[in-house]
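One structure is given here, and the rest of the page talks about it.
The values are calculated or read from the model by the stated rules, or taken from the named source; none is laboratory data. As the structure is a prediction and not an experimental result, all values here were calculated from the model. Heads up, the Cβs are rebuilt from the backbone with ideal geometry, glycines too, and the neighbour counts pull from every protein chain shown.
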Amino acid sequence: MFRINKAYTKSKLFDQNTFYDAFTKDLKHARHRVIIESPFITTKRFATIYPLLQKATKHKVKIIINTRNPIEHGLSMRNQALECISFLQDIGVDVFYTSGLHRKVAIIDNVVWEGSLNILSQSNSCEIMRRTESSENTNQLIKFVKMSRWYN
């Protein structure tokens, strides 16, 4: 009688207190690709994520970061973003800029993270993120926000 959409059967909500442990676990298990869209990048939060990204690149995981152009930030945020972006590029991460970006999403292989939390800058705010494990949702998000232009 009822049809279950399997794309949504592996979905769970996280907040600012539970997100990073689960996200870290996903990053550690990344095998093919990681895409993170985060409008802001701060050195404090970056320091917790960078070692995981660095390790993933050593395992030949394709990593793409999409963020706002640092010139759109105030001086302090601009300098932090530029410093972090330099570190990312040094380890082979592709960094793209989208003017006015406000999306907060990530794709790790066939896991989609989406919500209100700025993954590369969150520090002291009440947030929500949904983790969905689904190749269908992953492909839908890639098409919807035109991420396919960044990789094959």
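Output the residues belonging to the range 103-125 that are at negative phi and charged (D, E, K, R). Outline the logic, then answer.
Initial filter on the range 103-125 (at negative phi): 103-108, 110-114, 116-125.
Passing the criteria: ARG103, LYS104, GLU114.
List the pairs whose first member sits in the range 15-26 and is over 15 Å from ASP109 (Cα atoms), whose second member is of a type in the set (Asp, Glu), and whose Cβ atoms are under 6 Å apart, counting only residues at least 6 apart or on separate chains?
Close Cβ pairs (under 6 Å, with a partner that is of a type in the set (Asp, Glu)) amount to GLN16/GLU127.
Looking at this structure, is SER125 out of contact with any strand residue (DSSP E or B) (no Cβ under 8 Å at 6 or more places or on another chain) and within 25 Å of LEU82 (Cβ to Cβ)?
Working: out of contact with any strand residue (DSSP E or B) (no Cβ under 8 Å at 6 or more places or on another chain): yes; within 25 Å of LEU82 (Cβ to Cβ): yes.
It is true that SER125 is out of contact with any strand residue (DSSP E or B) (no Cβ under 8 Å at 6 or more places or on another chain) and within 25 Å of LEU82 (Cβ to Cβ).
With on the phi > 0 side of the Ramachandran plot and touching a strand residue (DSSP E or B) at 6+ places or on another chain (Cβ under 9 Å) as the only criterion, which of GLY92, GLY100 stands out? Give the derivation first.
On the way: GLY100 fails: touching a strand residue (DSSP E or B) at 6+ places or on another chain (Cβ under 9 Å).
Residue meeting the stated conditions: GLY92.
Of these, ASN69, ASN124, ASN139, ASN118, which one is at pLDDT below 95 and over 22 Å from LYS10 (Cα atoms)? Step through it out loud before you land on a result.
Working: ASN69 fails: at pLDDT below 95; ASN139 fails: over 22 Å from LYS10 (Cα atoms); ASN118 fails: at pLDDT below 95.
That would be ASN124, the only listed residue that is at pLDDT below 95 and over 22 Å from LYS10 (Cα atoms).
Scanning for something touching a Ser or Thr at 6+ places or on another chain (Cβ under 9 Å) and within 23 Å of SER116 (Cα to Cα), does the range 50-58 turn up at least one residue?
yes
Yes or no, residue by residue, for (1) under 12 Å from LEU120 (Cβ atoms); (2) of a type in the set (Asp, Glu); (3) within 16 Å of the chain's Cα centre (by Cα):
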{"residue": "LYS60", "(1), (2), (3)": "no, no, no"}
{"residue": "ARG68", "(1), (2), (3)": "yes, no, yes"}
{"residue": "MET77", "(1), (2), (3)": "yes, no, no"}
{"residue": "GLN80", "(1), (2), (3)": "yes, no, no"}
{"residue": "GLU83", "(1), (2), (3)": "no, yes, no"}
{"residue": "LEU88", "(1), (2), (3)": "yes, no, yes"}
{"residue": "ASP94", "(1), (2), (3)": "no, yes, yes"}
{"residue": "GLY100", "(1), (2), (3)": "no, no, no"}
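Please count how many residues of the range 26-47 are exposed (fewer than 13 other Cβ atoms within 10 Å of the Cβ) and part of a helix (DSSP H, G or I).
Matching residues across the range 26-47 total 3.
Given the range 57-152, what strands (runs of 3 or more DSSP E) lie entirely inside it while holding 3 or more residues that are touching a residue at least 12 places away in the same chain (Cβ under 8 Å) and surrounded by 16 or more Cβ atoms within 10 Å (Cβ to Cβ)?
Fully inside the range 57-152 and qualifying: 62-67, 105-108, 111-115, 128-133.
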